[in-house]
Amino acid sequence: MAAPPLGRLVLTHLLVALFGMGSWAAVNGIWVELPVVVKDLPEAAAFQGLLLLLPSPPSVPTGGPGPGLQVGAPGVEEEEEEEASPLQEPPSPAADATPSPEPVAPRLLSTHVAFLLGLLAVTNALTNGVLPAVQSYSCLPYGRLAYHLAVVLGSAANPLACFLAMGVLCRSLAGLGGLSLLGMFFGAYLMVLAVLSPCPPLVGTSAGVALVVVSWVLCLGVFSYVKVAASSLLHSRGQPALLAAGVAIQVGSLLGAVAMFPPTSIYQVFRSGKDCVDPCGP
């Protein structure tokens, strides 16, 4: 099959990019504006909890650069089908001559796919439900500037990590698992800061501001890379794997949001500071 003309290919990618910008500009804009509106609106934290109920923009997880750019362009799928599957072991001559009595390869393949689907569910639960619910509690004790930088730079870390995955893709399940643990380490630190709000460690210091901002950027960046890498590996398995990946993404996001609604909006596990009051003073 002949490759499409360069002009049509460029136009297609441009339209896909505009589609992604249109579907995610409002979502990212809400989080960027939260440092301004949370302190001024009568709803306050309740407003942030209601945002978790908003449906996420539809996306097809094909490993593209960012959630809004994950729709495959014409001509790309045909090229990827010619490549060997990263999850499929090459057949050996002995296997061709003497068939194995037990289907070991399909079992191993199913284990790999289940692991990737689990990574997608967990990472999306954290990035779309758990961590956004506590971002204000972990950042605002260090000031509105820290909150603003964490939101803006964290949003920028997502596409940067996705573009990195386009050039350097980790195909090792152990490597993806290690990166997920690294992201969970930063996420646990941010969760501790939220629990200790409004008096977390190093409050009122430049070191505390730097740590919370860097932790948010690295946490979201690592998880974004893991999501794209897992989606790319599942993309080679065809439409059933893509459908399962979409289900894992949506179910994980839903469970993360539902799990964080009671502690943030009902039981008030996380506390916020008050203006003109120093709760951390002697």
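Compute for the range 136-253: radius of gyration divided by Kirkwood radius, i.e. Rg/Rh, restricted to C-alpha atoms, rounded to two decimals. Can you show the working numbers first?
Numbers: Rg = 16.3 Å, Rh = 15.4 Å.
Answer for the range 136-253: 1.06.
Using a 1.4 angstrom probe on the protein heavy atoms only, could you order Met166, Met184, Met191, Met260 from most to least accessible area?
Numbers: Met166 115, Met184 80, Met191 50, Met260 20 Å².
Accessible-area ranking of Met166, Met184, Met191, Met260, largest first: Met166, Met184, Met191, Met260.
Got a sec to turn the phi values of the range 118-124 into Karplus ³J(HN,Hα) couplings, 6.51 cos²θ - 1.76 cosθ + 1.60 with θ = phi - 60°, whole Hz, x for Gly and Pro?
x, 4, 4, 5, 5, 5, 6
Using a 1.4 angstrom probe on the protein heavy atoms only, line up Phe185, Phe115, Phe223 by accessible area, largest first. Don't skip to the answer; put the middle values down first.
Working: Phe185 135, Phe115 85, Phe223 0 Å².
Correct descending sequence by accessible area is Phe185, Phe115, Phe223.
Which percent of the accessible heavy-atom area of the range 125-282 goes to carbon and sulfur, probe 1.4 angstrom?
Details: 5390 of 7420 Å².
Accessible surface attributable to carbon and sulfur in the range 125-282 totals 73 percent.
Enter the Cα centre distance for the pair the range 1-15 and the range 155-212, rounded to the nearest angstrom.
Measuring centre to centre over Cα atoms gives 37 Å.
Ordering Leu153, Leu131 from largest to smallest accessible area (1.4 angstrom probe), what's the sequence?
Working: Leu153 80, Leu131 5 Å².
Sorted by accessible area, descending: Leu153, Leu131.
Would you mind getting the accessible area per residue of the range 229-282, heavy atoms of the protein chains only, 1.4 Å probe, in Å²? Present the calculation step by step, with values, prior to reporting the outcome.
On the way: 3240 Å² over 54 residues.
Solvent-accessible surface per residue comes out at 60 Å².
Per residue, how large is the accessible surface of the range 151-210? Use a 1.4 angstrom probe and give square angstrom. Walk me through the numbers before you get to the answer.
Details: 3000 Å² over 60 residues.
Per residue, the range 151-210 has 50 Å² of solvent-accessible surface.
The values are calculated or read from the model by the stated rules, or taken from the named source; none is laboratory data. This structure is a prediction, so every number in the text was calculated from the model and none was measured. These area figures cover heavy atoms from the full protein model, side chains too; ligands, DNA and RNA do not enter into them. Shrake-Rupley method; radii C 1.70, N 1.55, O 1.52, S 1.80 Å.
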